[in-house]
Each structure stands twice: as C-alpha cells, then as structure tokens.
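Below is one structure, written out as structure tokens, with a few remarks after it.
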Amino acid sequence: MLRPGNEVQVYLYSEPVDMRKSMNGLSILVEQEMDLSPTMDALFVFCNRGRDKIKLLCWERNGFESVP
C-alpha cells in the first residue's frame, strides 16, 4: 500500500505508457525521460494510450511500490 507523505510531489508522465512495464521499466522512464531520480520523495503517475488506466510508482523505505 502506498503511503506518501502529506506534501509529496506528484509527477505525471505525459506520454502513453505500455501498462506491461514493470517497476524497473517505469523507473527507467523517470530517470531517462523525466530526468528525475525515481527514489526521490515523489509519486509518479503513468497512463495508457486510452487514458483509462493508470500506474503509480513511489519509492518506499525498502524499495519501489507500484499500484496498477
């Protein structure tokens, strides 16, 4: 379960994403395309082409949490 802090920053990746991507694939998008660190205190939001599904990526104390 994701439990981001009260003042967490939220970043929306604007391009459509293949929803088959794992946490590793999404974290690579954050690093290479968004030029951000995926381990920062932030919530990253990804949408599919139809904009009817989202995935969330967040770094917790012991690793990534991803919510389909």
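The values are calculated or read from the model by the stated rules, or taken from the named source; none is laboratory data. Predicted model only: the values in this text are computed from it and were never measured. Here the Cβ is made from the backbone with ideal geometry for all residues, glycine too, and neighbour counts use every protein chain on show.
In region 31-51, the residues that are among the hydroxyl-bearing types (Ser, Thr, Tyr) reach residues that are in a strand (DSSP E or B) with C-beta atoms within less than 6 angstrom, at least six apart or across chains, in these pairs: 39/59. Is it fair to say residue 23 is modelled with pLDDT under 95 and more than 11 Å from the chain's Cα centre (by Cα)? Criteria not met by residue 23.
Looking across region 41-51, just one residue is surrounded by 13 or more Cβ atoms within 10 Å (Cβ to Cβ) and outside any strand (DSSP E or B), and that is 48.
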